Each structure stands twice: as structure tokens, then as C-alpha cells.
Amino acid sequence: MHLTKFLPPKPTTILGRERLISKLRTWEDKKLVIIHAQAGQGKSTLAADYISTLPGPSVWYNIDQEDDNSAVFLSCLGQAIQQTFPAHVENIPHIPQNRYSMNVSQAAASRWVATVFANLPQQTLIIFDDFNNIGKPATINNLLRILIDATPPHVRFMLISRTQPELEIARLHAKRGVGEIAGDDLKFSDTEVSELFITVFGMHLAQNEVDLINRTAEGWAAGLVLMHEYLASQDPNSRSLSITGHRQAGFQNYVFDYLAQEVFSKLPKEMQDFLLRTSIVDYLPTPLMGLLTNLPTTAGRARVTTQTMVDRLRKKNLFVAVADDGAAVVRYHALFREFIRKKLLAQTKHGEIKKLYSTAARFFKKNGDPVRAVNLYLESGQFDKAVEQIEASGQELIARGQGQTLLRWIETLPLDYVDRPWFLFYRAVACRFTDPRRALTLFDRALAGFRSDGRMHLSIIGQMLSLGGIIEACFYSGDNFKRMDRAAARATALLRQNKRETSAARARLLLAYGMACFFVGKLGQGVEALQQALELFRKSGDHFYQINSAIYLAPCAIYYADFPLAREAVRKGCDALKAIPEEKGGEAALYMAKAMTALYEGNFAEAQECIDTCHSLANEHDLEAFHFLSLDIGGWLKIATGDYASAERLLMECKQKGEERKSAFFNTSAAHLLAVNYLHQGRLEEATKECDYALRGRAQLGSKLFYGVSLSASGAIRLKLNKLAQAERDLLHAAKIFNQIGAGQQLANVHLVLAKLYLKNKKVQEARRHIRSGFQTGKDRGFTFYYLLNHGDIEELAKAAIEDGICVDYCESLIKDHVRKASSPRIRVHCLGGFNVYRGEKMIQDTEWKSRRAKSLLKFLTTHDGQKVPRDVVIETLWPDHKAESIRPVFSSLLYRIRRLLEPDAVPCKDDSCILQDGNLLALNRDRVWTDVGAFLALLETAARMKRNGDPKKIVEIYEKAFSYYQGDFLPEELYDDWVGSVRDQLRTAYLKALEEAGTICDSDSAKSKAAFFYQNLFFADPCHEKACRWLMAWQHANGQRGEAIRTYERCQMALGRELAVDPDTKTTAVYRNVIGG
């Protein structure tokens, strides 16, 4: 941080320009004021004079090239605000930098802005000077738009620029929220010129001289200052002649250099030398002035010092600005500095110039400013020194979010330097997530360069980091695991050759190597490498990479069937997270790793809780990658719990996203799980199709582990299809792979599927051997989930194991667990969001129903959920155009067919059927049939009872469970039956009321994030709900999402007009006006 970045110019005396100050005062209701004009027209001086008239402090921010890095911009802006308002902003939140990207995400930046600006005082003004210095406008313009949208109405902004900024502020213009002062407005009038020369310069002019000066200077402030210095050296009687004799058209293009030369030539020699030697930098701390000029910073009265020299320049109004009255830091006006620097280059020997630049560069390097040091080396053509400094500080700059600075330097260097190994590495890092294939090429070239580099230590570090980059890029390209395996082999050799290397580079390579081993299926090596990496990062105190090591160690340990190690990895990751709680991406990944561990162990409730937490973090912090993972792992969990319809929906979405992003890894993962999902439903044709797709893709990827996983699924599917020979080949091949790589959990699954196959082939001894191997692994490793087998399969094999004395206690616990789950209703009817019926774990297909009436009968009985309904009422509802007597025979036949479809193995019995009949009364048997409608309504009733004196948190938990059943409106496919519409409206009303009540409870209990979740769902379901609209607008506005708050109002306004032909009520409009500042 440099003070001059936060300080306005402080000229000694200026002319107050009341006409422009008055204009700025009239614009104090505008969100944005833009002052743009060419250099030297007094833009910054006007703004500085204006803020001196304000009752409170303002934030001044001088833009430079480093602000191309969004993390740098936000960090420095936060410091400027805290420095200006220490009582209002005690702590600046962590900069929401994505460690894997060049920029900050929009949502994260909005939250940061909302937090920093939340408590600023009324009429706060933020000035951005030198806005034209931005090299990549898209980055800063996006952040500026966030600042405008996400800050409270009383926070205003002012931009000062040499060019008119290209901003997306059409909405602000439409609301007349922008004021603009351009170059013509800034031109001095004759009256102002006269006042300037008399009041500020003490030079009285005749009116004809004023006219002549202003026509010559064209109202240009910088020209007027130089004109005064020039005229002060002339005979007062010949001033007009002097002006006329040197006047040329286009004053600013021709006369500035002439007048500057005239003024400069009349300065004392020591002052000229001071200006020349200090012109090489735009930022002059007092110690640096002393180093460049050989003048003391303090001395006795007889000697000239840097302080006295600055004071003399300020008195002459020679474009000198100081950071404080003690002149601790000095800046020259850009025009004047450029003029002096040109003179230095023209009249000073090249060696002496290089010496000055080197002195300044060494000063900034010593004082922790490598950016200015490199800029100076580049500007003076000292490319070797620039390269040395860039290579030394590159990784630090990447960690600080200054990747754009690195790229700018590399682009500035001559082509001879561009292909240096470190530069190739930095370029690869910059694009490894946006263009991983290009990054892979650059990492390869960097690795080759490091291998031929003679500097042994740096070469080893470079090779380690490049190999780590290659492995990462292979993963993010999504289809290059064979290349990853080759890189892992080279990493192994490099690690063995350099066992004593203890640098961070070794730890990084171990992490990348362990990650590669996991994906290609070398689980033992992966576990070992990731444990070493985790320990090295722990010793070095690198919390971020401790978390990363834990994130990969957990799944590697899961597939290795070492669940205690997986949980230990997650625990260590969580311990590291305590030191950097702002690392929300790491937190989400740890929850996902914990979910995977719980899922494989068979702890499904814990797995669901972790997935939900991960999903919430992803939504709150804009972590898009975890939306992807939550679909994949969430789909897997739905399979495990028998919710096949939800699993299919999640996995199809995951597969679609993978195809859109051309990620073969996620494509094939989703396809594999879809195959397993279809296998358990008996949809074997679809299972085969998805499994073959996954096998082809994973064969190309080159991962033994994941190829074996799909091969085992293929064997299970072929077994169901009775293709026993092919099933055996696939399963034995998969078993061989899992044996080789140590994938214990997967191997246990294959053993048990092989046991089923050999039992079917009457090969009892072979079956017994595989039963023992499968269950013994589960018992030893502590898991109960065998994802290729359903509960019936597990019960059958466990009973066989008990008969043979194999893992008796373990197998008995498996059976008890199955009995517990089997005691729940075997038939599940879903009507919310669509009609689906499950018989056990298998969904009944449309073709099995034979008639639409059969479905309709079950749907109608579902709405009554176990309550008895007269048969004639049923007939009248489903056959409205027929007499009951004529339909009764058809009805009895239909009822029989439904019972046989739902319970094909049951003994016909009216007293214990899924559909009970008591005389003329019909009802679903609640002991045999579960319905989502009944579960939903029962939970709402429970919540209603608890509201009297229950714990609010428990009530909300009940509501959340109820909402999990409401997957959509009741029978949305049924559009024309009146009875359906009536029930649909009743259930929808109950759902909306429950959402509102849950939101109200959370709001009262200060659980704002949960309240927002409920109100968002409520507003999504009913955009005419004005209470939800008001609450969301207020919450979004408070959280810096001003634009989203406006869009919420607009959606509500449109919905009310479209559905009810009314406008929002006064309460809603009042909240909206508060949001827009009206």
C-alpha cells in the first residue's frame, strides 16, 4: 500500500471555480459523476477543491495499472475506506479472490462490497482518479457496476479520466443518476483567467492581455500555469508581443513543450538537476529523492535538502503534489514529468540514466515493492534484471492475485525472453482453468525448459511445479488421464532423485502426484503421497494446501476402503480451515468429501446433511464446481436410498452439464451412475446403454480405477440379463484391476456379485469363497453399503454366509438393517411433481398399467391417504358420464388388476391388500402403501401442533422435511380433471403457507440465510406473493445485491399485472423506492 494511492492533489494555492463547484453541489443526489478531459485541464484539482467544501471526509483513490487485478483493486479500496472511516469500518473482510482464477467472481465481489460499505456515513463520496490508467477495462468496469448496484443510495462515486469511460450505466442514465463534466466545461473563461493571474499568481493583466493569453492557452489550466511562469520572466511592457510572437494553433500540441522549456531553462541549476534526476519515477518517497539526487533529507540551514527543494517547486506551482504537508512522498503531474523525463533522456548519458533507474529499482525492491522495481527495469531497457526480478517474485504475485501484472510484463519483454521456462509456467498458470489444453502445452514446454536449465535448485523446483501443473491441467481438461499417468511416473522419478528437497515445491508435487494416483487408480501410492503432502504443508503452516491435500486424500482413502483414514483427512482439513475460515471453496469440498465417506460407509442421513451443506455453500459463495459435484454425489445417494426418480433427474442434469463443458470425466461418471440407477429399477436396456457409454469413455480416459468401476457395473447388468459368460468375464477383469490397485470397497462389491453369479451356476464353493471375501472386507473396513446389490441380494447372500459361519455378527446386522427398511411400506406412490409408483425399489413402468383408469383410481385414493371413500363417489369422479350400476363390474375388475400390479406375489385378501375394501368403502392400506401427499400433510400437521409451544428450530426441521416431499405441484400432467385441480390448489396453498411460516420463524430467530431460502422458494412458486417480494428485496439490498432486489420487484410487478391486473401495494413500492434511493 502506498499513501499516494489514497490521497488527492494538494497544490499550494488554487483558484476556486465556483461555477463548477456549484454544478457539483447540485448533483449531490446523483450516484455517479464523471469528469473527463485531456491532461492538464484541472480535473483532479477541481475534485480536490470540491471535496474540501464537504462537511465530512471523502475517499480518494488513484487508479494505476495494478488495478487490472481485481483482488488488488478491492484490497486497496478497502484500505482506503478504512483509512478514511476507521470508526465505521473496523475490519476489512477477506478479499473474495478465487485462487484458481485471474478475477473475483461477481457474487463474491457483491458480498464484499455490501459488507464494507454497509456502515459508511451519509453522503459518502468515493473518487477514482486517473481512471484512464486501466489496461483491461472489462475487469474494473464490472467491479464499478457492482459498486454502483450494491452500495447504499447515500454512497456516491466520482470518476476522473482523460478519456470518456466506456461504462454500462444505461439504467443509471435513464434514472438521471449520472452527472458529467467534459473538457469544454473545464476551460477557463476570460474572467477566471483574470482572477487566476491576479489572485493566485499576483500578476495584474490588462483586459487585452487576458484575452490574448486565453485565446493562446485555449482555457487550458496547465498552459495558463506555464504561461505565468514564462511571462514572469519577460518585460511587463512586452508581454503581449511575447505571447503573439510564440502563439500557434493547437496550443496544447505545440506550445506546452516550448513554454515548459522556457520555464525550465530559467530555473536554478540545482533545481533543474533535481527535477531531471527524480523524473524517472511517478512515486517519490523522501529517502528515494535523496538517493537519486545525493541531497540530504535533512540538514542545517546552509545546505539544500530534498525538503527545501520540494517546497520551492510547490511555491512555483510546478505541478508538484505531496502526500502530506511534510512532503514525505511527492508526485509530479504526468505531463510535466514526461517533459522532464524526455529532457533527461536527451541530455544525459545512457549509463547514467541506467544507474538512476537501477537505484530506484533497488530501493523499491528493498522496500517490498517488486512491481515498481520491474516496471523501472523494463522502462530503462534492463531486461535481464527485469527477468531476474519477475522470476523471483512471480509465485508471490500469483498468490496475491496479480496474475494480470505478470502477463503484462511478459508481453512487454522482447520475444527472446518470452519462452523462458518460468514465463511459460506463469502463462500456463494463468489459463489452466479457462483453457486447460493450452495450459498443458505451456506446462510441457516449461518442464522441458527447466530440465535443460543449468541452475540445479531452481531447475528442480521448476520441474516439480510444472509437473504438478500438468497433472492439474490433465484433470481440468477432463479427458487426458493417460497423459496424467505419464506425468505421475515422471513425478515419481523426480521425487526419488530429490528426497532431501523439502521446499514447498516438493509438497506441491506430492499433492499433484497423489491426486494423479487417485484418478489413474494407484490408490496405495496416492494415499502415501497425499499423507506426506498434508504433513509437509502442516509443518510449513500452509493451511490452504493442507485443505487441498485433505480433499484428495479422503476419496483416495475411501476407494482404498480405509474409512478411518478418510475421516481423519477430513478432520485435519477442517482443523486447517479454522485458520482461514474465508476459504469457502475448501469448506464446501471438505463437506463433499465427508458426504462421500458417509455414503460409502452406509450412513446416508449424514451424507445427505453434508451434501445439503455443501450445496448451500455453493449457492451462497458462487462455487459453481460444487453444483456439479453435488449433482453427481447427490444422485449416487438417491440411488442408495432407493429414490430412483430423483437420482435420474440429478444425474441427467450432471451428464448434460458435463457434455456442455466437454468434461469426459463428469460425463462418464454420470453415465455410470445412471446405469446403476437403471439396474436397480430393472430397466436393463437403458442400463446397458449408459454403461457401454461410460465404459467407452473411461477406456479412452485411461483411468484403471474408473474403468474397473464401470466394468463391474457392466458385469452386474449382464448377470441380470442372464448373459452369464460375459458377466463373469467383466467381473473377473474388474476384480483383477481392483486387486492390483487396492480398491477394497469396489472389490468387495465385485466379490458379492460374482457370488450371485456362481450360485446361479450351482458353483457353490466358488460362491462361498467370494461371499467370504466380500463380507470379510466389509467387516474389516467398516462399511455396509454395496452399491451394485439391492437389499434382497444382500439378505440372500448374508443368510448364505451365516449358514457357512462367515462373518456371522456382521451379516446378522446387515439382515436386521434390511428387515428394518423392509418393514416400511413396500409400495410408494409419488404424486407431487409427477406420478410415479415404486414396488419395493423398482419403479412401475407406464406399459405395466394397461389402462389410464387404473392410474386414475390409484391417484384418487392417494388424495385421501388411508381415509375411506364410498365406492360410488370414486365411480362418479372417474366415470362422470356413466351410472354407478353399469360401472360396478368394470370397477371390480379394475380394482383386482391394480392389486395384482402393486402386489404380484401377494395372496389375494381383501383384509390385507394394498387397497382395502370394507363393504362399499375403499381406502389405501397405510401399512402397505406410503404416499408423498400423506407424508407431506402429516408433517404440516405436526408443525402446526408444535407451533403452540415447540422449539422454533425443531419446527423448521419438520417444515424442511415436508418441503423435501413437495417436488412440484400435484399431478402436473393432469390438466383436465376437475378433481385434480381442486386437490392441486389445496396442496399448493398449504405448501405456500408453510414456506411463509418457515421463513417468518427463521427471520424472527435471526436465521436470515435460512429465511432467505424459504422466501426465495415461496417467491419462485408465487411471484405475486408481495410479502415474500418485500422480504427478499430488503434482504438482497442489505446483502449488496441491489440489482437483484430491483429484478425481484420487477418480477413481482409483472406477475401482478399479468395474473391479477393490479400494481404492487404501497408497502412493496416503499421498499422498492428505498432500494433505488428514491
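As a proxy for reagent exposure, ranking Leu74, Leu147, Leu617, Leu172 by other Cβ atoms within 10 Å from fewest up yields Leu172, Leu617, Leu147, Leu74. Using 1/(1 + (r/R0)^6) with R0 = 45 angstrom and r between the beta carbons of Arg19 and Lys578, what's the FRET efficiency to the nearest 0.05? So, using R0 = 45 Å, E works out to roughly 0.15.
Against the main long axis of the alpha-carbon atoms of the chain, helix 350-366 sits at an angle near 50°. Less than 5 angstrom separates the built amide H of Met203 from those of Ile198, all sequence-distant by 5 or more or on a different chain.
The calculated FRET efficiency for Gln123 paired with Ala334, based on their beta-carbon distance and R0 = 25 Å, is about 0.25. Set the Cα radius of gyration of the range 1-82 against 2.2 N^0.38 Å, with N its number of residues, and you get 1.19.
I'd like the Karplus ³J(HN,Hα) series for the range 546-555: coefficients 6.51, -1.76, 1.60, θ = phi - 60°, whole numbers in Hz, and an x wherever there's a Gly or Pro. Computed from phi, the couplings for the range 546-555 are 4, 4, 4, 5, 5, 4, 8, 5, 4, x Hz. Helix 403-412 axis versus longest C-alpha principal axis of the chain: approximately 50°, rounded to the nearest ten. Counting only DSSP beta bridges with both residues in the chain, the antiparallel share comes to about 50 percent.
Full extension of the chain between Asp817 and Ala182 yields a length gain of 220.8 nm, computed as 0.36 nm times the residue separation minus the alpha carbon distance. Between Lys366 and Asp780, the C-beta separation translates, for a Förster distance of 45 Å, into a calculated FRET efficiency of about 0.15.
Karplus-based coupling profile of the range 513-522, in residue order and whole Hz: 5, x, 4, 4, 4, 4, 5, 8, x, 9, with θ = phi - 60° in 6.51 cos²θ - 1.76 cosθ + 1.60 and x standing for Gly or Pro. Solvent-free Debye calculation, one equal scatterer per alpha-carbon of the range 3-186: log10 I(q)/I(0) at 0.09, 0.10 Å⁻¹ equals -0.30, -0.37.
By the rule of a C-alpha distance below 21 Å, with chain neighbours fewer than 8 residues away ignored, the lysines paired with Lys315 are Lys10, Lys43, Lys266, Lys269. List the pairs from Lys482/Lys572; Lys662/Lys689; Lys816/Lys947; Lys655/Lys704 whose alpha-carbon separation is above 29 Å, in the order I gave them. The pairs that break the limit, which is 29 Å between Cα atoms, are Lys482/Lys572; Lys816/Lys947.
Charges were assigned to the Cβ only: +1 to each Lys and Arg, -1 to each Asp and Glu. The resulting dipole of the range 3-186 about its Cα centre is roughly 320 debye. Shape analysis of the chain yields a ratio of the Cα radius of gyration to the Kirkwood radius, Rg/Rh, of 1.08. Angle, helix 724-741 long axis vs. longest principal axis of the chain, Cα atoms, 0 to 90°, nearest 10? Helix 724-741 and the main axis of the chain meet at about 40 degrees. Remark: spin-label model distance Glu803-Leu992 equals 6.0 nm, labels positioned 7 Å along the Cα→Cβ axis. The range 916-964 and the range 179-195 have their alpha-carbon centroids 76 Å apart. The shape of the range 536-641 comes out oblate: with a ≥ b ≥ c from the C-alpha gyration tensor, a/c is at least 1.5 while a/b does not beat b/c.
In straight-distance terms, cross-link reach from Lys1067 covers every one of the lysines whose alpha-carbon lies under 19 Å from its own, apart from those fewer than eight places away in the same chain; here that gives Lys1027.
Only alpha carbons enter this Debye calculation for the range 924-1038, each as an equal point scatterer, and the log10 of I(q)/I(0) it gives at q = 0.10, 0.12, 0.17, 0.19 Å⁻¹ is -0.33, -0.47, -0.87, -1.03. For the residue pairs Lys855/Lys883; Lys762/Lys842; Lys799/Lys850; Lys760/Lys842, the alpha carbons lie more than 29 Å apart in Lys799/Lys850. Put a dot 7 Å past the Cα of Arg215, heading toward its Cβ, do the same for Arg661, and the two dots end up 6.9 nm apart. Ranked by how many other Cβ atoms sit within 10 Å of their own Cβ, fewest first, the residues Phe563, Phe604 fall in the order Phe604, Phe563.
Each value in this text was obtained by applying a stated rule to the coordinates, not by laboratory testing. Note that the structure is a prediction, hence the values are computed from the model and not measured. Counting neighbours? That spans all protein chains shown, and the Cβs are built from the backbone with ideal geometry, glycine included.
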